[in-house]
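> Before anything else, here's the structure in question.
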Amino acid sequence: MKKQIMAAMLLLALAAPGALADEGMWIPVLIEKYNIKLMQENGFKLTAEDIYSINKASMKDAVVLFGGGCTGEFISDKGLIITNHHCGYGYIHRHSTLEHDYLTDGFWAASHAEELPNPGLSVTILKYMEDVTDRVLQGVTDNMESEKREAIINANITAINAEAVKGTHYLSAVRPFYLGNQYFLIVNEVFRDVRLVGAPPSAIGKFGGDTDNWVWPRHTGDFSLFRVYADKENNPAAYSADNVPYHPAYHFPVSLAGVKEGDFTMVFGYPGRTQEYAPSHHIRMLKDVIYPKQVEIRGKKISIMEQEMANDPLVRLKYTGKSFGLANGWKKWIGEIQSLDRMNGVERKEAFEKEFSEWVSADPGRTRKYGNILSEYAKIYEEYTHNYLVAIYTNEVFGSTGVEPAALAGAFNRAVEIAGQKDTGQKAELEKELQRLSGYADNFFRNFDMNVSKQLFVAVMELYGNNIAPEWQTDAYRELASSAGGDFESVADRLFARSLFTDEAKVKDLISNFNPKKVEKDPFYRMALSSSELIRSRINEKMDAADRRLAELNKLYMAAQMEKGNDKIFYPDANSTLRLAYGKVMGYDSRDAVYHKHQTTLTGVMEKDNPEIYDYDVPDRLRELYEQKDFGRYAVNGDVPVCFIANNHTTGGNSGSPVLNAEGHLIGVNFDRAWEGVASDIMFNPKQSRNISLDIRYALFLIDKFAGAGYLIDEMTLVGEPQHTP
Ligand code: ASP
């Protein structure tokens, strides 16, 4: 009986893939067709044309892909962009030294001349997008061999791209949506002169650190400011002192009006990757095998780094970025496992698959088309799970956050190969490669500490031995382990003393007098080669073949799910293209008897204040402002709003996205999600999936009162009546 009730409950709760009001990351060009009615019913006051238009300035002109993996938005007509502190972090870090430690102290350019250039950083603006499915599939038939099909599709895509950018300085791409069932042409304008304008100290921008990451209630002032520069014609140009601030076609008015529970809100940005339509096998693989192993090894690395960072500010500067990167995934996976368990994620998918199979078998045509999908998945995932684990684990161990010197040594592989070539261009090519390596090595040693690195080495060696079966370990490791007899500490002392790749001067010398023999003899180089050899010879080919087959199955399964649920509107998985999510400002039940409200305040920051704990050490100036209640027009009920949550469907890449109200005014900057619902990349949970945003009023308060940079606020378009209640 209990079993039957459980099954009935599962069916009831079954989130049949498809659109719910709050779930979904929608394609801007299809808002008019699919979403605008529901949005307006939920309070949105504007039109689809206001969001995306090719005929007039619209919101899409104000949203940018910031670098490769974040979002930002224009908040002035002088190219001023706001994004997250954690998105600007790498650039702020690069400008930081112990003397000018902008990470610790913050940075505020007092004039355009003081804004700092960031080579390598780009800002991408969508010009337009267009459904080109028919053109991409021209000449393709259902029963064509997959290689031929691919060749035709590629040729069609090349032609579409060539035509799209002809006579312009735009860049274009044709991207698959709905797992390859539909294609869109995306045409972008890319700006490469992007300068750092302002950032609060990390004690504000990263307040709460890894402890609070992925957690609500949250009190992080997670923002930084940049400015896009263009040539005198307002076109993209390489960095030049003569460039001028870019005039965007549209910038968001910044609202002082704030939010209340139930308000309509939407997030417009670049979500990276979701897997909402994956089969149960995939979720089981991640939840039961891949995530737990990654959580274990990353947890170990992070604890080593954290312990040493607490002892030495220089080590903190070197390892803070690395530990943040590791901890971000580590913590998210823990949350995902828990939230999938809480939702019975795998069982839900299985229940859906059962229903799906019945639907397929009820019709001979469907049986022919879709009858083998699920059984093939079952077969593939068995071996795939193992190979995937070996691939990611080898990378965790021998990649740049494991055996660090092996990662540096491995980077010399190309130079060794070039040095062995006999052709005429060889010398120039080697020269170029060595130049690249010189930059790589500078960066490596800027973030390297011998003591930390040795401890990491010992830890990952031990875990590797325990987690990867001997026949799947690298040759170099097996030799080392048998000679070490379990004593990796002595091995570390020996190897770190002997290797070139632990000593900056020796690496510099190697680059200026390149000798491939020296590289080849190095123990860390051998370790790096051995791991890439293992992956190349035993994993890659199998994974590639499986990935190709999985891509075909995923496409077919997606098409089948859409056919089955043809009364629903489906949103495509995130793929780093511009999307709109909408919903409401909303708290949630966290666990038994605990309800989380939608808004945090400066009082909450002060409640966490603890000078003894690095992540909670509130800067003196902020303490002062709090004590004096010097909140200006940003005060609400004698406090300052700091962050809020809503049920917008977001993921990695949405960091920095504009959070907008019913009038399209900027009320926040998205930066994270709440722990309980973080499995939303795989399964959105309407009850607990919440995106976390910085309340824009906290950013304004910090810029104005904390940093004294009110001149930046002067260039924004402020709107809305402040809820001014001092
Ligand atoms: N914190 C994420 C990011 O960095 C945002 C999210 O996953 O919700 O993009």
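> Where residues in the range 213-228 are in a strand (DSSP E or B) and not charged (D, E, K, R), which of them is nearest to the ligand (Cβ to nearest atom)? Give the steps one after another, and end with the answer.
We begin by selecting, within the range 213-228, every residue in a strand (DSSP E or B); these are 224-228.
Retained after the next criterion (residues that are not charged (D, E, K, R)): 224-226, 228.
On the way: S224: 13, L225: 18, F226: 16, V228: 20 Å.
So, considering only residues that are in a strand (DSSP E or B) and not charged (D, E, K, R), the one nearest to the ligand (Cβ to nearest atom) is S224.
> Out of M129, M144, report the one residue that is away from the ligand (no atom under 16 Å from the Cβ), in contact (Cβ under 8 Å) with a residue 40 or more places away in the chain and either in a helix (DSSP H, G or I) or on the phi < 0 side of the Ramachandran plot (or both). Full working, then the answer.
Numbers: M144 fails: in contact (Cβ under 8 Å) with a residue 40 or more places away in the chain.
Just one listed residue meets the conditions, M129.
> Which of the following residues is touching a residue at least 24 places away in the same chain (Cβ under 8 Å), closer than 28 Å to C70 by Cα, away from the ligand (no atom under 11 Å from the Cβ) and assigned to a helix (DSSP H, G or I): G664, G604, G677, G668?
Values: G664 fails: assigned to a helix (DSSP H, G or I); G677 fails: away from the ligand (no atom under 11 Å from the Cβ); G668 fails: assigned to a helix (DSSP H, G or I).
Sole residue among the options that is touching a residue at least 24 places away in the same chain (Cβ under 8 Å), closer than 28 Å to C70 by Cα, away from the ligand (no atom under 11 Å from the Cβ) and assigned to a helix (DSSP H, G or I): G604.
> Tell me, please, whether a residue that is away from the ligand (no atom under 14 Å from the Cβ), more than 30 Å from I283 (Cβ to Cβ) and among the charged types (D, E, K, R) can be found in the range 685-694.
No, the conditions are met nowhere in the range 685-694.
> So which helices (runs of 4 or more DSSP H) stay within the range 23-122 end to end and still have 2 or more residues that are within 16 Å of the ligand (Cβ to nearest atom) and without any contact (Cβ under 8 Å) to a residue 12 or more places away in the chain? Break it down stepwise before answering.
Numbers: elements: 31-34, 36-41, 48-51, 85-94, 102-105.
In the range 23-122, no matching helices (runs of 4 or more DSSP H) lie anywhere.
> Looking at T168, T158, can you tell me which residue is assigned to a loop (DSSP other than H, G, I, E, B), closer than 24 Å to S576 by Cβ and polar (S, T, N, Q)?
Values: T158 fails: assigned to a loop (DSSP other than H, G, I, E, B).
Being assigned to a loop (DSSP other than H, G, I, E, B), closer than 24 Å to S576 by Cβ and polar (S, T, N, Q) holds for just one of T168, T158, which is T168.
> Under 7 Å by Cβ, and 6 or more places apart or on different chains, what pairs join a residue from the range 309-331 that is at pLDDT 90 or above with one that is within 13 Å of the ligand (Cβ to nearest atom)?
The qualifying pairs are A327/D210; A327/N213; N328/N213; K331/D210; K331/N213; K331/W214.
> Any idea how many residues of the range 607-626 are part of a loop (DSSP other than H, G, I, E, B), buried (at least 17 other Cβ atoms within 10 Å of the Cβ) and aliphatic (A, V, I, L, M)?
Here the count works out to 1.
Residues checked against (1) in contact with a strand residue (DSSP E or B) (Cβ under 7 Å, 6 or more places away or on another chain); (2) not small (G, A, S):
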position	(1), (2)
M129	yes, yes
R135	no, yes
T141	no, yes
I157	yes, yes
S172	yes, no
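> Would a scan of the range 654-669 turn up a residue that is among the hydrophobic types (A, V, I, L, M, F, W, C) and farther than 28 Å from K45 by Cβ? Can you show your working first?
Quick first cut of the range 654-669, residues among the hydrophobic types (A, V, I, L, M, F, W, C) only: 659-660, 662, 666-667, 669.
Subset that is farther than 28 Å from K45 by Cβ: none.
So far as the range 654-669 goes, no, none of its residues is among the hydrophobic types (A, V, I, L, M, F, W, C) and farther than 28 Å from K45 by Cβ.
> What are the pairs with Cβ atoms under 8 angstrom where one residue, in the range 296-307, is assigned to a helix (DSSP H, G or I) and the other, located anywhere, is of a type in the set (S, T, Y)? Sequence gap at least six, or different chains.
I297/Y393; K301/S323; K301/T401; I302/S323; M305/Y319; M305/S323; E306/S323
> Something else: Considering only residues that are in a loop (DSSP other than H, G, I, E, B) and more than 26 Å from the chain's Cα centre (by Cα), look in the range 627-661 and name the one that is nearest to the ligand (Cβ to nearest atom). Write out each step before concluding.
From the range 627-661, those in a loop (DSSP other than H, G, I, E, B) are 629-631, 635, 637-638, 640, 647-657, 661; that's our starting set.
When the remaining residues are screened for being more than 26 Å from the chain's Cα centre (by Cα), the result is 629-631, 635, 637-638, 640.
On the way: K629: 32, D630: 31, F631: 28, A635: 29, N637: 28, G638: 31, V640: 23 Å.
Here the residue is V640.
The values are calculated or read from the model by the stated rules, or taken from the named source; none is laboratory data. Just so we're clear, the structure is a prediction, and the values are computed from it rather than from any experiment. Here Cβ is always computed from backbone atoms with ideal geometry, including for glycine, and neighbour counts include all displayed protein chains.
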